[in-house]
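Working notes for the structure below.
The values are calculated or read from the model by the stated rules, or taken from the named source; none is laboratory data. These numbers were taken from a predicted model, which means no experiment stands behind them. All Cβ positions, glycine included, derive from the backbone under ideal geometry; neighbour counts span all protein chains shown. Heavy atoms of the whole protein, side chains included, go into the accessibility calculation; ligands, DNA and RNA do not. Shrake-Rupley method; radii C 1.70, N 1.55, O 1.52, S 1.80 Å.
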Amino acid sequence: MLSKRPQMRLQGLGPGFLLVILLAVFAAPACGRVYTLASGSAQGVYLPLANDMAVVARKSGVEIRVIPSEGSRQNLAWLAEGRADLALAQSDIAWNAYSGRGGFPKPVTSLRVIAPLYTEAIHILIQRTLYIHRIEDLRGKRIAVGPAGSGTETNAAQMLGAAGLTLAEVNARHLSIEESMAALRSGEIDAAFVTSAVPSPLVTGVLADRSATLLEPDRDFLERLRKIFPFYLTKNIETSDYPHLDEQVTTAGVQALLVGRDDIPAATIGHLVRAFSVSPELTAKYRLPSAGDGASDSEIPLFEEARSYYRLQSWLHQRKLFIGTVLFLLIATIAVLRFQRGIWRLLRRDGDRFLHAGIYLFVVWVGGSLMLYRAEHRINDNYASPWKSLWSGLITIYSLSGKEPLSLEGRVAAIIMFILGLGGLLWLIERFASFYVETKLLPLIRGGFARVHKMKNHYVIAGWNEKGVGIIKQLHGEELEHRHIVILAPEQAKGLPRHHKLIQVVHGERAYEDCLKEVNVSAAHSVIILADSAEPAEDARTILTILAIRKICSEQGLEPVPVSAEIVDSRNVKLAQYAGGEQDGRLEVVSSNDVGRSLLTQAAVHPGLFTVYSQLLEFKKNNSEIHRAPMPSSFVDKSFEEILTQSATNRERKIYVMPIAIQREGKIHINPARDALGKLAASDFLFALCDSPKNLENLS
Ligand code: GLU
């Protein structure tokens with residue numbers, strides 16, 4: 001049976017392929033002979049198509065005379081009788097002719113396919129005033145079934161048959177398309193079958209003046225029809241095909257073919273095939289498939305020349321696809337490399353949690369759609385091209401209805417795709433949920449649901465100047481745990497960051513106790529005091545701030561919160577430290593001028609040193625930083641020199657720590673000389689270069 005839209009099989013490019021190239025280059029068309037092409041009726045698409053084909057053929061040196069007809073069956077009968085050399089015909093009728101059935105007394109074995117054309121739709125037009133929604137309801141109705149000898153007539157009989165009706169059970173009338181449309185308008189008939197390319201100008205007319213509507217056979221019916229007559233395809237009639245169509249109609253379809261008798265010389269067939277497939281007038285106007293797409297001789301054989309030509313085209317097409325894919329990958333790689341940092345940054349924090357689920361879903365979607373395309377593209381309009389398959393595949397992945405496949409292979413693919421797709425979707429949802437919980441809910445919970453006065457373990461920046469932006473970037477920039485940052489700054493402060501889920505700005509005066517209480521300073525992880533301006537008078541407010549924080553903590557019976565304060569004038573550093581009292585190293589007073597100045601001097605003496613400092617001070621993933629921790633128990637009672645050698649030699653525990661300084665009673669001793677400190681005590685603090693403070697804890 002002509003059960004499939006033909007398929008192009010790519011075997012190696014054999015001698016036939018070379019032959020066709022030689023023929024293409026050297027052979028001239030057979031001179032003098034005029035070929036007759038049996039076409040269709042004046043109102044159909046076959047006739048104008050045949051006329052256009054004749055014009056194109058003439059340009060390539062082949063003379064064609066077009067003869068009008070009633071349609072497919074008559075065309076093929078004429079071909080068998082020798083009245084026509086070429087014919088336009090529906091694939092179902094051509095198969096009947098080739099195998100000698102359906103009104104053909106004996107097989108027309110000389111029949112050969114030259115080119116598959118478009119899919120014709122079986123339009124079932126119903127009088128607007130009638131409420132007929134099923135083919136079964138056409139019993140006893142007056143129906144135009146096309147001219148006798150047309151393909152339409154055969155299709156009407158088969159479709160009515162599939163609905164359990166014989167031609168005798170309806171009032172069948174053999175009318176041309178034009179007559180059918182006029183009869184629909186005048187109310188002489190109730191329904192009309194028209195098998196034609198879409199859009200058909202006459203059908204456009206009756207839909208436009210609202211004399212008729214298009215009936216959509218239901219899915220079960222189409223399935224039953226395909227079971228009885230497997231050559232039927234599904235064809236979507238789109239709203240873009242007919243301007244007055246309200247919604248897409250899915251109906252049965254058949255493949256239109258250009259066929260010929262096998263006595264046509266090979267060179268002529270070669271010329272025709274090439275001329276038709278490269279003619280933009282034909283391919284665009286009649287929406288013909290690209291050369292050879294869908295051509296095979298699994299049912300009715302192709303002409304040898306046509307087969308070789310299509311094989312070559314398909315091979316070139318696949319090469320084009322291959323080159324296209326390579327180019328796409330190349331451009332994508334260049335783009336990724338070019339914008340790598342941006343993409344990387346995006347992916348690094350949150351991307352990879354979605355990446356795997358995303359890739360999985362993408363693979364299921366594309367892979368499944370391509371499988372569906374393979375299984376369905378010849379029989380199902382929804383999967384006719386890879387693009388349509390991708391769209392239909394997307395629908396299939398989340399529902400098993402809508403773009404339902406017709407073949408067994410397609411259905412199996414759809415079910416697998418549905419199950420895998422559902423798994424992927426759940427996976428993605430789980431990823432989103434955990435992302436939401438981790439990045440939105442947990443910080444909210446940790447930060448007392450962002451109510452500043454209840455926040456815990458947050459950073460407080462008291463005061464604001466341009467350094468703040470850099471500080472926030474460092475605190476939030478890299479892989480550090482994301483804590484809330486609360487900025488306490490006067491309203492007129494410049495360059496305050498915009499509101500962010502982890503950044504809150506509270507307007508107020510940093511030295512005032514109640515403002516500091518509002519940002520819950522005593523529960524903070526640490527406080528950074530910034531000078532609001534470079535005026536030395538700022539230092540007085542900074543010192544007041546230190547005192548206020550100290551007072552709040554002690555009133556609440558809490559440990560003093562660690563404070564780093566910026567002092568404008570280095571002469572005030574001592575005073576600020578005094579204000580901090582016995583802070584056990586929890587008060588850091590930094591004179592920006594001093595640090596800046598001494599760094600400049602040092603860098604001038606040892607070029608490169610500034611980079612060392614700034615990298616040590618920077619928070620970065622996979623980068624050792626300076627950490628401070630209580631003296632690990634394994635270091636207690638040893639000298640600084642001993643712990644240095646122990647760290648350098650003790651590698652079996654894979655803990656890499658480089659001791660730098662000891663803090664004893666608030667005083668820091670960097671790399672203390674042999675007898676400066678004596679034995680290390682449990683109350684001392686250790687500063688060391690290591691990957692994380694955990695390394696120091698692990699030494700205990
Ligand atoms: N397929 C129709 C038939 O064979 C003819 C369509 C047309 O002329 O466009 O009856």
Residue ID - least open to solvent (accessible area, probe 1.4 Å), chosen from residues in segment 40-59 that are more than 7 Å from the ligand (Cβ to nearest atom) and outside any helix (DSSP H, G or I): Q43
Working only within segment 425-439, note down all residues that are open to solvent by 60 Å² or more (accessible area, probe 1.4 Å) and of a type in the set (S, T, Y). Y436
So which pairs qualify, if the first residue must be in segment 149-160 and touching a residue at least 40 places away in the same chain (Cβ under 8 Å) and assigned to a helix (DSSP H, G or I), the second must be open to solvent by less than 20 Å² (accessible area, probe 1.4 Å) and aromatic (F, W, Y), the Cβ gap must be under 6 Å, and the two must be at least 6 apart or on different chains? T152/F193
Based on this model, can you work out whether E223 counts as away from the ligand (no atom under 16 Å from the Cβ), of a type in the set (D, E), buried (at least 17 other Cβ atoms within 10 Å of the Cβ) and farther than 28 Å from N51 by Cβ? no
Which of the following residues is more than 22 Å from S407 (Cβ to Cβ), over 39 Å from the mean Cα position of the chain (by Cα) and within 16 Å of the ligand (Cβ to nearest atom): G260, G205? G205
Note: among A89, A97, just one is touching a Leu at 6+ places or on another chain (Cβ under 8 Å), farther than 22 Å from A192 by Cα and crowded, with 24+ Cβ neighbours inside 10 Å, namely A97
Filter result for V108 (more than 29 Å from P217 (Cβ to Cβ), touching a residue at least 24 places away in the same chain (Cβ under 8 Å) and of a type in the set (V, I, T)): yes
Does A183 meet the test of being assigned to a helix (DSSP H, G or I), away from the ligand (no atom under 14 Å from the Cβ) and open to solvent by less than 10 Å² (accessible area, probe 1.4 Å)? yes
Can you pull out every residue in segment 60-106 that is outside any helix (DSSP H, G or I), within 14 Å of the ligand (Cβ to nearest atom) and farther than 16 Å from D263 by Cα? V66, I67, P68, S69, E70, G71, L88, A89, Q90, G102, G103
Failed condition for E178, given (1) in a helix (DSSP H, G or I); (2) within 13 Å of the ligand (Cβ to nearest atom); (3) open to solvent by less than 40 Å² (accessible area, probe 1.4 Å); (4) in contact with a Leu (Cβ under 7 Å, 6 or more places away or on another chain), with all others met? (3)
Determine if segment 557-576 includes at least one residue that is among the small types (G, A, S), touching a helix residue (DSSP H, G or I) at 6+ places or on another chain (Cβ under 7 Å) and open to solvent by 30 Å² or more (accessible area, probe 1.4 Å). yes
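Every residue, every condition in (1) among the small types (G, A, S); (2) buried (at least 20 other Cβ atoms within 10 Å of the Cβ), yes or no:
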| residue | (1), (2) |
| --- | --- |
| R134 | no, no |
| D137 | no, no |
| A144 | yes, yes |
| T166 | no, no |
| H174 | no, no |
| S200 | yes, yes |
| D209 | no, no |
| F229 | no, yes |
Test: I114 is more than 13 Å from the ligand (Cβ to nearest atom) and open to solvent by less than 10 Å² (accessible area, probe 1.4 Å): yes
Filter segment 148-161 down to the residues that are among the aliphatic types (A, V, I, L, M) and open to solvent by less than 10 Å² (accessible area, probe 1.4 Å) and list them by number. A156, M159, L160
